[in-house]
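These notes are about the structure you will find just below.
Read-outs: derived from the displayed coordinates by stated rules, not from any lab. Treat the numbers as computed from the prediction; the structure is a model and nothing was measured. Cβ atoms come from the backbone with ideal geometry, glycine included; neighbour counts cover every protein chain shown.
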Amino acid sequence: MQRANPAELRKALESLSAMTKAGILFVAMPVLDEQDLATMRGESIKRLERIIEITESEEAPGTK
């Protein structure tokens, strides 16, 4: 197993902090390698975009 570098760990902790403050439930997942990291980041972006869509649709006038 390759250890994560300190800069990557700081980025992960910043993401964790932001999601916690926003009240977003998340699951910490270990990363296998660089390709796995890229895949998981892409999936995370898709999920956050979906959360934004859901939130915006709930807040739109006349949709409640």
Taking the Cβ of residue 29 as the center, what net charge do the other residues with Cβ under 10 Å away carry, scoring Lys and Arg +1 and Asp and Glu -1? -2
Computed over the chain, Kirkwood Rh from alpha-carbon pairs, angstrom: 13.7
In order over region 6-23: 3J(HN,Hα) from phi, Karplus 6.51/-1.76/1.60, θ = phi - 60°, whole Hz, x for each Gly or Pro, gives x, 5, 5, 5, 4, 4, 5, 5, 5, 5, 4, 4, 5, 5, 4, 5, 7, x
HN-Hα J in Hz across region 25-37 - Karplus 6.51, -1.76, 1.60, θ = phi - 60°, x for Gly and Pro: 6, 9, 10, 6, 10, x, 9, 7, 6, 4, 5, 4, 4
